[in-house]
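These notes concern the structure reproduced below.
Quick note: the coordinates plus some simple rules give every number you see, no bench work behind them. The structure presented is a predicted model; accordingly, all values stated were derived computationally and were not measured. Positions of Cβ are backbone-derived with ideal geometry, glycine not excepted, and every protein chain shown enters the neighbour counts.
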Amino acid sequence: MSRYSIFSLARNAFAQHRNWQRAWRDPEPKAAYDVVIVGGGGHGLATAYYLAKNHGVSNVAVLEKGWIGGGNTGRNTTIIRSNYLRDESAALYELSRRLFETLSQELNFNIMFSPRGVLMLAQTEHEARGYQRTLHATRLNDAPTSWVDRKRVKELCPIVNDDRNARYPILGGLWQPRGGTARHDAVAWGYARAASELGVDIIQNCPVEGIDIEHGRVVGVRTGKGAIRCKKLGVVVAGHSTRLADMAGFRLPIESVALQAYVSEPIKPVMDIVIMANTVHGYMSQSDKGELVIGGGADSYLNYSQRGSWSAIEETTRALVETFPIISRLKMLRQWGGIVDMTGDRSPIIGKTPVGGVFVNCGWGTGGFKATPGSGHCFAATLSKGEPDDVAAPFSLERFSEGRMIDESAAAAVAH
Amino acid sequence: MLMIQCPCCGATAEEADFHCGGEAHIVRLAGDNDADADLGAYLFERANPKGLCFERWRHQYGCGKWFHLARDSRTMEIFGVYDIKAPAPPAEIVAEARRRIAARGLPEHSNN
């Protein structure tokens with residue numbers, strides 16, 4: 001496969017762009033693989049890539065029922081940050097953020113990582129104290145953030161409403177300068193291309209319809225493209241995790257709900273950072289195209305329809321108009337929803353399951369995109385060794401019966 | 001947007017007036033000497049069905065009372081509401097739900 005570079009761009013430009021190779025192979029599935037990964041989103045593709053790259057396991061298939069990156073990978077607000085409170089979370093999300101820093105170079109694919117800075121507004125005294133606590137935790141965990149006062153918030157983002165008489169006045173913020181955004185589709189495509197080059201088969205339009213288990217151990221999957229045998233199975237399917245668990249005969253502590261996002265009409269540059277206003281449930285950044293990318297809280301009930309509620313949109317819009325008055329007359333261009341897999345403590349589940357050879361990587365809830373590289377990195381290690389690595393170990397399924405929660409639900413409030 | 005009719009006060013309102021209390025008919029544990037695994041399962045594991053589901057809802061900004069609701073988590077169609085004290089879904093609501101799901105050409109539950 002040819003490398004992308006300024007020279008390949010020039011060469012193809014002179015040839016009227018007729019000679020570009022396809023970015024990844026489109027093979028028919030083989031009869032058997034060492035590892036089958038269900039779910040061709042960012043996490044599944046990253047897992048396949050690191051399996052081949054770091055662990056030399058390249059007899060791997062990624063099965064995707066639709067098209068790669070067509071689920072939550074293509075439905076998020078692309079925010080990357082690692083300012084988590086708990087040590088276990090900080091280790092995982094900071095590993096991920098660091099991998100993002102050099103991911104374009106590593107994959108030879110421009111994922112447009114933009115460390116523009118993420119600012120979490122403190123709008124109540126309680127929230128301000130909470131963020132001070134997070135600030136000290138992030139320093140101990142080597143994922144530095146800083147506290148910025150109201151004046152500095154206004155400098156960083158002039159369009160915020162700094163009226164002291166606002167219902168939720170801005171008291172300051174938690175600033176992570178090396179957080180930011182990346183192009184979500186490119187993350188999936190970059191991992192797919194790099195994994196494919198290392199020998200991973202990426203099989204699209206291939207829904208998994210059943211899981212074959214013999215003597216308590218997985219032996220294969222039944223798919224829309226026939227039966228495929230495997231020694232290990234990695235389930236990385238976000239909102240449908242409990243459906244796959246059902247096929248394998250175990251249960252997960254997960255509820256699937258809709259999370260929505262939307263973008264405005266494109267406007268001239270008005271903000272060059274990411275702002276999260278967690279008290280009022282809304283976050284916003286401006287894309288390279290000029291659209292304001294807006295996200296809010298998840299719906300509160302079970303939903304597999306990839307469509308959310310009007311009331312969730314109203315609530316988010318109300319909050320953001322209060323925080324950024326200049327957006328009050330903007331038209332919204334597009335709106336969409338993804339089905340997210342929520343755990344009780346709002347932390348993911350990575351590791352073994354009651355069925356031998358079946359591993360899960362799920363429960364990322366509303367905050368999975370930022371974790372894509374780190375998730376793939378530690379899940380690949382887990383799959384290859386058959387045991388979780390140091391980063392993945394605290395996120396085991398057993399923590400729910402052991403009472404060993406990694407409680408980010410209280411720590412991170414609504415927005416993840 | 002769900003339009004829900006509260007069986008307790010009779011008012012019909014948008015979902016924003018209600019609060020979803022999650023999966024219904026979870027059987028409470030005995031409460032003493034429960035195994036850790038049973039307790040974890042009771043507290044956190046959910047059926048999370050794709051298709052016919054039964055939930056508890058509360059008319060939060062209305063009469064404040066709890067009730068049960070039968071719904072399809074794929075289509076958002078509501079099949080009926082019933083008393084919070086019912087230990088299992090009433091047969092007529094299950095029959096009505098099955099009839100309307102079949103009329104759409106869907107299985108009762110799906111995986112993909």
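Figures for the structure shown
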quantity	calculated
Förster-model FRET efficiency, 41 Å R0, A:HIS55 and A:ASP272, C-beta, rounded to 0.05	0.60
Ratio of the Cα radius of gyration of the range A:271-357 to 2.2 N^0.38 Å, where N counts its residues	1.36
Shielding score for A:303-316, defined as the mean number of other chain Cβ atoms within 10 Å	4
Taking A:VAL62, B:VAL27, A:VAL153 and counting other C-beta atoms within 10 Å, the order from fewest to most	B:VAL27, A:VAL153, A:VAL62
log10 of Debye I(q)/I(0), alpha-carbon scatterers only, for the range A:346-416 at 0.11, 0.18, 0.26 Å⁻¹	-0.26, -0.69, -1.26
Chain A, helix-only ellipticity at 222 nm - DSSP H runs n ≥ 4, -39,500 (n - 2.57), divided by all residues, nearest 500	-8500 deg cm²/dmol
Inter-site label distance for A:PHE250 and B:GLU77 at 7 Å from Cα along Cβ, in nm	3.5 nm
The range A:210-237 and the range B:15-76: distance between their alpha carbon centers, rounded to Å	31 Å
Cα-derived Rg to Rh of the range A:1-156, Kirkwood definition	1.07
Mean projected area in nm² (Cα convex hull; one quarter of hull surface) for chain A	20.2 nm²
Sequence-separation-based contact order of the range A:54-178, relative, with Cα cut under 8 Å and 6+ spacing, percent	29 percent
Taking the range A:1-95 and dividing mean pair separation by its residue count, relative contact order in percent (alpha carbons under 8 Å, at least six apart)	21 percent
Shielding of B:48-55 by partner chains, average beta-carbon count, 10 Å	5
At R0 = 35 Å, FRET efficiency that the Cβ-Cβ distance of A:MET1 and A:GLU402 yields, to 0.05	0.15
Peptides A:105-118, A:12-25 ordered by average Cβ neighbours within 10 Å, highest first	A:105-118, A:12-25
Order of A:SER96, A:SER104 under a 10 Å beta carbon neighbour criterion, fewest first	A:SER104, A:SER96
Distribution of pairwise C-alpha distances over the range B:35-83, 5 Å bins, in %	5, 18, 18, 18, 18, 14, 7, 2
Taking all pairs of distinct alpha-carbon atoms in the range B:52-110, Kirkwood radius in angstrom	12.0 Å
For A:TRP175, A:TRP336, order by how many other beta-carbon atoms lie within 10 Å, fewest first	A:TRP336, A:TRP175
Rounded to 5, the percent of DSSP beta bridges in chain A classed as antiparallel	70 percent
Volume per residue of the C-alpha convex hull in the range A:155-305, rounded to whole Å³	191 Å³
Per-pair calculated FRET efficiency, R0 = 35 Å: B:ALA103 and A:GLU28 via Cβ, rounded to 0.05	0.40
Kirkwood hydrodynamic radius of the range A:170-232, from inverse mean 1/r over distinct Cα pairs, in Å	15.6 Å
Whole-number percent relative contact order across chain B, with pairs defined as alpha carbons under 8 Å at least 6 apart	24 percent
Assigned charges on the beta-carbon of Lys, Arg, Asp, Glu; the protein assembly as shown dipole about Cα centre (debye)	1440 debye
Rounded Å value of the spacing that divides the Cα centres of the range A:145-185 and the range A:2-65	38 Å
Mean projected area (nm²) of the alpha-carbon convex hull when the range A:1-64 is viewed from all directions	5.7 nm²
Ratio of Rg to Rh over the range B:10-106 (Cα coordinates, Kirkwood Rh, two decimals)	1.02
Spread of Cα-to-Cα distances over 10 Å intervals beginning at zero, given as percent, for the range A:267-416	10, 33, 30, 19, 8, 1
Per-residue mean of C-beta atoms belonging to partner chains within 10 Å, peptide B:33-46	5
Listed residues A:LEU9, A:ALA52, A:TYR93: farthest to the positive end of the dipole of the range A:1-151 (Cβ charges)	A:LEU9
Trypsin sites (Lys or Arg not before Pro) restricted to the range A:156-200 and DSSP loop, no more than 12 other C-beta within 10 Å	A:ARG164, A:ARG167
Contour excess over end-to-end distance, with Cα ends at A:ARG307 and A:ASN108 and 0.36 nm allotted per residue	68.2 nm
